[in-house]
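What follows is a set of notes on a single structure, which appears directly below.
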Ligand code: HXC
Ligand code: NAP
């Protein structure tokens, strides 16, 4: 299947969009599409060399400027500096995409308090530090900015073995819905996307590390029997941050090929039953119906 690019040409022109974690993985793919659609894009994370390389790569592909700024989002001073440097470069920021995250699989009882803190500090605190910094700036300057948060489906189901991440993503979901209402009076929108499995180096090295990758096929858990394509996520993100979505706020859009619902529906495990066995089952049910 060929995944098409969804938005009209130049649909993000005139906007400045900051993508945290924009130098790698899904952040880089979304930043690339925003740049292609005419936006000024800022990509930020801890590793400046990675950011610089990605900025050059994206910019040479799209012809638009991509500006790298280093930040540690778990440090609110660093986040304040990110806002300052962004404004020094582009004078205005319209959209904040909270995409940066950290995660690894582990039985929770093996985690030290510092290990738990590390993930929560980056994922949850990092998201609310940047949300607070940019929200205060927009309110003060009377700018109708918008925020898109990248969460995942275990924000509402929870999940073992990634508990600090689940706690954090659940917190971001509550943050999204709470502020969507509280800050609507300033014209600020907040939405979230909950992706299922989308292959990236960063996620795969930490969620299916080493030879676990040969034992687990994440696509098998997905009713549509495949993992996501980065462009599919980029299409959705570009729509939600664009003016086409001006009446959408407080929403969470799941893009997971049906993965989480498959785990939730009690009889979804019956997929393995073949037609002949269904014939037998049907006869048995009809027989019981007659006898009742
Ligand atoms: C137990 C561990 C551990 C492990 C590290 N720690 N790995 N504990 N099992 N496998 C502990 C350390 O011992 C330490 O605690 C604490 O965690 C922090 O360690 P640091 O040395 O500071 O960090 P480091 O181990 O170098 O790196 C961990 C990290 C890093 C910060 C999380 O992986 C990172 O920067 N990740 C960013 C990118 C990323 O994670 N991308 C994937 C996102 S995927 P002590 O007490 O010993 O000091 C994602 C997908 C969600 O979010 C949904 C999927 C469907
Ligand atoms: P990734 O490439 O590892 O992205 C994580 C990014 O966060 C990196 O660019 C990293 O850059 C940055 N980051 C980490 N700690 C930071 C900090 N303290 N300050 C600033 N930046 C920091 O993984 P990904 O798969 O693309 O994940 C992107 C987002 O999608 C995450 O929110 C993740 O939870 C979500 N998600 C992914 C999947 C999936 O299947 N891939 C599924 C559901 C949700 P530095 O190391 O340079 O700081």
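Scan the range 102-113 and tell me whether some residue there is part of a loop (DSSP other than H, G, I, E, B), touching a residue at least 24 places away in the same chain (Cβ under 8 Å) and more than 16 Å from ligand 1 (Cβ to nearest atom). No: zero hits. Within the bounds of the range 217-228, is there any residue that is modelled with pLDDT under 95, farther than 23 Å from residue 28 by Cβ and within 13 Å of ligand 2 (Cβ to nearest atom)? Yes.
For the range 58-74, the set of residues classified as in contact (Cβ under 8 Å) with a residue 24 or more places away in the chain and either surrounded by fewer than 21 Cβ atoms within 10 Å (Cβ to Cβ) or part of a loop (DSSP other than H, G, I, E, B) (or both) consists of 59, 61, 62, 64, 65, 67, 70, 71, 72, 73, 74, listed by residue number. From 79, 19, 50, which residue is within 22 Å of the chain's Cα centre (by Cα), in a helix (DSSP H, G or I) and either farther than 27 Å from residue 229 by Cβ or touching a residue at least 40 places away in the same chain (Cβ under 8 Å) (or both)? Going through 79, 19, 50 in turn, just one is within 22 Å of the chain's Cα centre (by Cα), in a helix (DSSP H, G or I) and either farther than 27 Å from residue 229 by Cβ or touching a residue at least 40 places away in the same chain (Cβ under 8 Å) (or both): 79.
Reported count of residues in the range 198-216, each being more than 8 Å from ligand 2 (Cβ to nearest atom), at negative phi and not in a helix (DSSP H, G or I), is 4.
Within the option set 118, 125, 136, being over 25 Å from residue 203 (Cα atoms) and modelled with pLDDT of 95 or more holds for one residue only, 136. Taking the range 127-156 as the range and being within 11 Å of ligand 1 (Cβ to nearest atom) and under 24 Å from residue 238 (Cβ atoms) as the test, the residues that pass are 150, 151, 152, 153, 155.
Across the range 188-229, the qualifying residues are those that are away from ligand 1 (no atom under 12 Å from the Cβ) and within 21 Å of residue 127 (Cβ to Cβ), and the one among them that is surrounded by the most Cβ atoms within 10 Å (Cβ to Cβ) is 190.
Without any contact (Cβ under 8 Å) to a residue 12 or more places away in the chain and within 12 Å of ligand 1 (Cβ to nearest atom): does that describe residue 168?
For residue 168, the condition - without any contact (Cβ under 8 Å) to a residue 12 or more places away in the chain and within 12 Å of ligand 1 (Cβ to nearest atom) - is not met.
Scan the range 205-235 for residues that are touching a residue at least 60 places away in the same chain (Cβ under 8 Å) and under 18 Å from the mean Cα position of the chain (by Cα) and the total you get is 9.
The values are calculated or read from the model by the stated rules, or taken from the named source; none is laboratory data. Note that the structure is a prediction, hence the values are computed from the model and not measured. Note that we place each Cβ from the backbone using ideal geometry, even for glycine, and neighbour counts take in every protein chain shown.
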